[in-house]
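Single-structure report; data block below.
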Amino acid sequence: MPQAIATAAEGTRDGAGSAGAIGGGETSAAGAACADAGTASAQGSDFAPLLRAVKGQGLLERRTGWYAAGIAVNLIALGAVITGMVLLGNTWWTLLLALPLAIFWSRTAFVGHDAGHAQIAGGRRAGRAIGLVHANLLLGMNEAWWNDKHVRHHANPNHIDKDPDVGVGALVWTQKQAAQREGFARWLTRNQARLFFPMLLLEGIALKISGFQYLRRQPARERALSALLLVAHLGLYATLLLTVLSPGKAVVFALVHHALFGLHLGMAFAPNHKGMEMPDPDGERWGHLQRQVLTSRNVRGGILTDWFLGGLNYQIEHHLFPSMPRPHLRLAQPMVRAHCKSLGMPYAETGLIESYRQALQHMHEVGEPLR
């Protein structure tokens, strides 16, 4: 497990709370965030009573057995889909299995996400091994790249200068960013709300490309292992498709599969922060509780919603306690909600469809001056 992940996770368990980040190289970001929350806790911040209550209920204790069972079930499901592909053979009907394969790939990504947050294993090596297998080998997504990006997001969610998730890219998140767009990018920003979901169809491929690009930033030894697993993934994936399908059908299957995978992941992450508060870079620095709660949105639902969104529908709890095992997030929610209510702090929670509406509305408003 990269150092930043372990630092952040251990900080949370010891009462240093913050960021929880997940990380693979941004040790300073995670360390600063943890130190900030630890100081606030020591001084009796608004977060400290909640942290004590959560720890008192044992909700920061790992659920290794729960994860072991979930990983086993997911691997069996992946094996069943692959077996189905082999049995169907070179037919267009095999294309129907791109959907379940994409769904179980998303389960695999959620496992990698949780491993990065030190939710699964106690040891750093075990946690990183789980991440490497699930991200690099099974998905072809560089876990070091994802961790580097994600640690900075957790440390300063929705901060325009510090959170890479709201930086300028294919999409923009503030009207100030939009005003600087030119040419095709300007047209894209004008229409980004209506193009958001179609663009997610490219995300599955974009994740692979970003992972390979990040290799040059990794230390030599880490780079060699990451590259080996990424290449192994491509080789195994191509071998499977070309063994079962003709080259033309294999290409179509890969495109459809990655499009559905990207769409699913995007649908899981989009409701979390888009359209929520964005801290003023020049304004007063927020404390840990305010920084994580006001920038995050929960999604209501039952077991199916929890499964479909990989537990990320409890985004507020996840950001407050990033090393908290996924099955404990729903147990912590009533405590967090009540604590926020006692402080008069807004606690955002909506249905799934409404969460998408709010996110798209924000993107529409950002592009409004360009229309």
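By a straight-distance test (C-alpha under 26 Å), which lysines pair with residue 274 as possible cross-link partners, with residues fewer than eight away in the same chain excluded?
Excluding near neighbours in sequence, the set is 149, 162, 176, 208, 341.
Tell me the Kirkwood hydrodynamic radius of region 88-213 in angstroms, computed as one over the mean inverse distance between distinct C-alpha pairs.
16.9
Among 340-348, 216-224, how do they line up by average Cβ neighbours within 10 Å per residue, starting with the highest? Write down the numbers at each step before the final one.
Numbers: 340-348: 14.0, 216-224: 12.0.
Those peptides, ordered most packed to least, come out 340-348, 216-224.
In vacuo Debye scattering of region 165-264, one point per C-alpha: log10 I(q)/I(0) at q = 0.15, 0.24, 0.25 Å⁻¹?
-0.82, -1.17, -1.22
What do you get when you divide the Cα radius of gyration of the chain by 2.2 N^0.38 Å, with N the number of residues?
On the way: Rg = 20.5 Å, N = 371, 2.2 N^0.38 = 20.8 Å.
The value comes to 0.98.
Whole-Hz ³J(HN,Hα) for each residue in region 301-315, computed from phi via Karplus 6.51 cos²θ - 1.76 cosθ + 1.60 with θ = phi - 60°, x for glycine and proline: what do you get?
In residue order, the calculated couplings are x, x, 4, 5, 5, 4, 5, 5, 9, x, x, 6, 5, 9, 5 Hz.
Taking a point 7 angstrom from the Cα of residue 77 along the C-beta vector, which residues in region 291-305 have backbone N less than 14 Å away?
303-305
May I ask you to order 171-182, 140-151, 236-247 by the average number of other C-beta atoms within 10 Å around their residues, highest value first?
Values: 171-182: 16.1, 140-151: 25.7, 236-247: 14.5.
Per-residue mean Cβ counts within 10 Å order the peptides as 140-151, 171-182, 236-247.
Taking the simple approach of a point 7 Å from Cα along Cα-to-Cβ for both residue 174 and residue 305, what is their distance in nm?
With each label point 7 Å from Cα toward Cβ, the separation is 3.1 nm.
Taking the Cα centre of region 164-209 as origin, work out the dipole magnitude from +1 charges on Lys and Arg Cβ and -1 charges on Asp and Glu Cβ, in debye rounded to 20.
On the way: 6 positive and 3 negative charges, 33 e Å.
For region 164-209, the charge dipole is close to 160 debye.
With a point put 7 Å past each Cα toward its Cβ, work out how far residue 330 is from residue 231 in nm, to one decimal.
The modelled label-to-label distance comes out at 4.4 nm.
Treating the angle as unsigned and between 0 and 90°, give the value, to the nearest 10°, between the Cα long axis of helix 203-214 and the longest Cα principal axis of the chain.
80
Under the Karplus relation 6.51 cos²θ - 1.76 cosθ + 1.60, θ = phi - 60°, what is the ordered set of whole-Hz ³J(HN,Hα) values for region 130-140, x standing for Gly and Pro?
Using θ = phi - 60°, the values come out as 4, x, 5, 5, 6, 8, 5, 7, 7, 10, x Hz.
So for the chain, averaging the separation of alpha carbon pairs under 8 Å that are six or more residues apart and normalising by length, what relative contact order in percent results? Could the numbers behind the result be given before it?
On the way: 599 pairs, mean separation 87.4, N = 371.
Taking the mean separation of contacting Cα pairs over the length of the chain, I get 24 percent.
Which residue, chosen from 340, 281, 248, occupies the Cα position most advanced towards the positive end of the dipole of region 244-362, where the dipole is computed from +1 (Lys, Arg) and -1 (Asp, Glu) charges on Cβ about the Cα centre?
The Cα lying farthest towards the positive end belongs to 248.
What is the helix-to-structure angle for 47-56, meaning the angle in degrees between its Cα long axis and the longest Cα principal axis of the chain, kept from 0 to 90 and rounded to the nearest 10?
Approximately 60 degrees, to the nearest 10.
Convert each backbone phi in region 219-224 into a coupling constant with the Karplus relation 6.51 cos²θ - 1.76 cosθ + 1.60 (shift: θ = phi - 60°), then list the ³J(HN,Hα) values in order as whole Hz, x for Gly and Pro.
Once rounded to whole Hz, the list reads x, 3, 5, 5, 4, 4.
Helix-derived [θ] at 222 nm for the chain: sum -39500 (n - 2.57) over DSSP H runs of at least 4, divide by residue count, nearest 500?
Details: 18 runs with 237 residues, N = 371.
Helices in the chain give a 222 nm mean residue ellipticity of -20500 deg cm²/dmol.
Just for the Cα atoms in region 234-356, what are the lengths along the principal axes, largest first, rounded to whole Å?
For region 234-356, the Cα extents along the three principal axes come out at 62, 36, 28 Å.
Return one number: the angle in degrees, 0 to 90 and rounded to the nearest 10, between the long axis of the Cα atoms of helix 247-269 and the longest principal axis of the Cα atoms of the chain.
The angle comes out near 10 degrees.
Using r as the Cβ-Cβ distance of residue 205 and residue 99, and R0 as 25 Å, what FRET efficiency do you calculate, to the nearest 0.05?
Numbers: r = 17 Å, r/R0 = 0.69.
FRET efficiency, residue 205 to residue 99: 0.90.
Throughout, read-outs are computed from the coordinates displayed, never taken from laboratory work. Computed from a prediction, not measured in an experiment: that's the story for all the values here. Positions of Cβ are backbone-derived with ideal geometry, glycine not excepted, and every protein chain shown enters the neighbour counts.
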